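Q: This is the structure, below, for whatever I ask next.
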Ligand SMILES: [Zn+2]
């Protein structure tokens, strides 16, 4: 995000009992990053659980999803444009996830510059590095990845 020249803030309350993972105050965009398991990602959360606590898991995740929907609604009502990103999107396609936010910024009439616009070096002008680049990506945990996407 930072690389795209966007200003953001971490962990900001956007509605009552609703804290976004980060927001772009200038464009009133609130971004929520949802963990695949706890928030029921269609790809990474089992549709059915087995074993003794199966029902508990299912109820817990259903409750989380419900809360997510309510948060989206409340943030929207409070005037925020909500973007929800799965943890796996960030892990596998950080640049894509950042682009998704950038697209919403453009829709809100904002402009997104690439790092190159602010960078005088022609070497770094060529491309924006992604998590897929190099060895570094393998060392990152999901939380680190979030830090990378927002450029902290
Ligand atoms: Zn997932």
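Quick note: the coordinates plus some simple rules give every number you see, no bench work behind them. Everything numeric here is computed off the predicted structure, so don't read it as measured data. Cβ: placed from backbone, ideal geometry, glycine included. Neighbour counts: every protein chain shown.
Q: Applying the selection to the stretch 14-30, what residues are more than 16 Å from the ligand (Cβ to nearest atom), within 17 Å of residue 100 (Cα to Cα) and crowded, with 16+ Cβ neighbours inside 10 Å?
A: Result: 20, 22, 23, 24, 27, 29, 30.
Q: Could you tell me whether the stretch 22-34 includes any residue that is without any contact (Cβ under 8 Å) to a residue 60 or more places away in the chain, part of a loop (DSSP other than H, G, I, E, B) and more than 22 Å from residue 112 (Cα to Cα)?
A: no
Q: Another one. Kindly indicate which of 59, 43 is more than 17 Å from residue 105 (Cβ to Cβ), free of Cβ contacts under 8 Å to residues at least 60 places away in the same chain and away from the ligand (no atom under 16 Å from the Cβ).
A: Checking each option against the conditions leaves just 59.
Q: Assuming residue 83 fulfils every condition listed in (1) exposed (fewer than 15 other Cβ atoms within 10 Å of the Cβ); (2) within 27 Å of residue 3 (Cβ to Cβ); (3) more than 14 Å from the ligand (Cβ to nearest atom) apart from one, which condition is it?
A: Status for residue 83: all satisfied but (1).
Q: Here's something else I'd like to know. Taking the stretch 86-101, which residues are surrounded by fewer than 21 Cβ atoms within 10 Å (Cβ to Cβ) and more than 16 Å from the ligand (Cβ to nearest atom)?
A: 95, 99
Q: Please work out which residue is farthest from residue 37 (Cα to Cα), limiting yourself to the stretch 82-108 and to residues that are outside any helix (DSSP H, G or I) and in contact with a helix residue (DSSP H, G or I) (Cβ under 6 Å, 6 or more places away or on another chain).
A: Once the filter is applied, the top-ranked residue is 108.
Q: Answer yes if at least one residue in the stretch 50-71 is assigned to a helix (DSSP H, G or I) and touching a strand residue (DSSP E or B) at 6+ places or on another chain (Cβ under 6 Å), and no otherwise.
A: Yes, some residue in the stretch 50-71 is assigned to a helix (DSSP H, G or I) and touching a strand residue (DSSP E or B) at 6+ places or on another chain (Cβ under 6 Å).
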